[in-house]
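Let me begin by presenting the structure, written as structure tokens, before commenting on it.
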Amino acid sequence: MKTIVIIGGGFSGTMTAVNLARFARQPARVVMVNHRRPLGRGTAYGTRHPDHLLNVAARNMSALADQGDHFVNWLRCRGEYADLPEAELRETFVPRRVYGDYLRSLAFGYVQPIDERGRVVIEAYEDEAVDVESHHAGGLLVSLASGELLETDHVVLATGNQPPAPLAGLPEGFSHPCYVADPWSDWEPRLPAPTLDVVLLGTGLTMVDTLLTLLSRDWQGKIIAVSRSGMLPLAHFRGIEYRDFPPSGADALGLTALVASVEEHCGLLRGRGANPAIAIDRLRPHTQRIWKNFSLAEKQEFLCRYAARWNIARHRIAQPIHERMTKAIDEGRLRVVRGTVDGVEGCAGGVRVLLATDAGRDSLTAALAI
Ligand SMILES: Cc1cc2nc3c(=O)[nH]c(=O)nc-3n(C[C@H](O)[C@H](O)[C@H](O)COP(=O)(O)OP(=O)(O)OC[C@H]3O[C@@H](n4cnc5c(N)ncnc54)[C@H](O)[C@@H]3O)c2cc1C
């Protein structure tokens, strides 16, 4: 019997194990090695905060490629969703922790089957894989932090989102009690009094999560979010059928022609009173091939000139979340600053975030920077 070790038990590792169990033609032993987060949840679905929602509607979140309604049907098993009208349920942006429950329940059915096991046996180890090397007998040897060694025929690396790299400009190994380097860590116990100011580094989806956490605590101090573009994620909307874009051969158009085509169709959509981000959505099935076909120079140009605009249109947030963010700005609770962070240093009462802005050098002082 073959052994397959999967390192990482977030979405990718969990669904690799589940799909092996569903589709393997021969008996196999699958060993999932996962640490830090509970099996199935990973970074994205490890949050316990009810305000942290999926950024994709339920109808598009089935984990099973061959069963598009699987997640919506699973939601029906939960009391809070059981009686929602079908159309409403499909469009709901559910809390990410509920999606973590879904992944865990999928894994659980195979790790602890009620009836006889199928061809594939799945075992789960809570441990860190620290090394993989060739084994003299021809297979591979996975070393775990606990000291245990796993002999295996195959290894799947599903190690996912790593903690953020240190900010450019910070001295190596910089740490400060008022600076949270990993926004996905458990930083709530480090929050200062809610009347004090907090600086958020970034203005994307993780900033929005952090903002929601602070607002749920009725934060009274200033919340200042800073990024190079100063752009905030756009809201989801009901789209229209639009089959005129992308043109055939879009995958190999190259950056300049593709941008021209996107801009043309954004204009046409605006002219129809529709949201131009529909053009970005229409590119979704093509993005991997487009990216592969770009030259290195095109990739660099995309990252410099277009990535910020692409991100806010492509990675949108649920409408109610967008409304809360906008309200926080209107009420003066959230301020967005455009600038490049080029340092963080300790100061009396907290940290000073150093910025390069269009107007020159600037700094923001906060009781906590995340
Ligand atoms: C905050 C956030 C929100 C997101 N929201 C959405 C969303 O709403 N919808 C959506 O489709 N996508 C969302 N995403 C994208 C999401 O990350 C991916 O869809 C997917 O969950 C990634 O799963 P993964 O298994 O590849 O990685 P991860 O979720 O990062 O899981 C990797 C796992 O491997 C473990 N691991 C790593 N190294 C080792 C090791 N050496 N030994 C043992 N275990 C190890 C980690 O501890 C972790 O548990 C979000 C991402 C983030 C960060």
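The values are calculated or read from the model by the stated rules, or taken from the named source; none is laboratory data. Since the model is a prediction, treat every value here as computed from it, not as a measurement. Here Cβ is always computed from backbone atoms with ideal geometry, including for glycine, and neighbour counts include all displayed protein chains. Accessible surface areas use protein heavy atoms only, side chains included; no ligands, DNA or RNA. Shrake-Rupley method; radii C 1.70, N 1.55, O 1.52, S 1.80 Å.
Results, tabulated for the structure shown:
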| quantity | calculated |
| --- | --- |
| Accessible solvent surface per residue of the chain, calculated while the other protein chains remain in place, 1.4 angstrom probe, Å² | 54 Å² |
| Mean-position separation - Cα centroids, the stretch 242-315 and the stretch 14-59, in angstrom | 31 Å |
| Share of carbon and sulfur in the accessible heavy-atom surface of the stretch 72-184 [1.4 Å probe, %] | 51 percent |
| Solvent-accessible area, 1.4 Å probe, carbon plus sulfur percent, for the stretch 250-314 | 54 percent |
| Largest-first principal axis extents, alpha carbons of the chain, Å | 66, 56, 50 |
| Per-selection Rg to Rh, the stretch 284-365 - Cα, Kirkwood hydrodynamic radius | 1.10 |
| The chain, dipole about Cα centre (Lys/Arg Cβ +1, Asp/Glu Cβ -1), debye to the nearest 20 | 760 debye |
| Residue (of G79, L283, S216) at the positive-pole extreme of the chain, dipole from beta-carbon charges | L283 |
| Listed peptides 35-41, 360-366 by packing density, highest first (mean Cβ within 10 Å) | 35-41, 360-366 |
| Mean separation of Cα contacts under 8 Å (6+ apart) over length of the chain, as relative contact order % | 18 percent |
| Kirkwood Rh in Å, taken over all unlike Cα pairs in the stretch 250-314 | 12.2 Å |
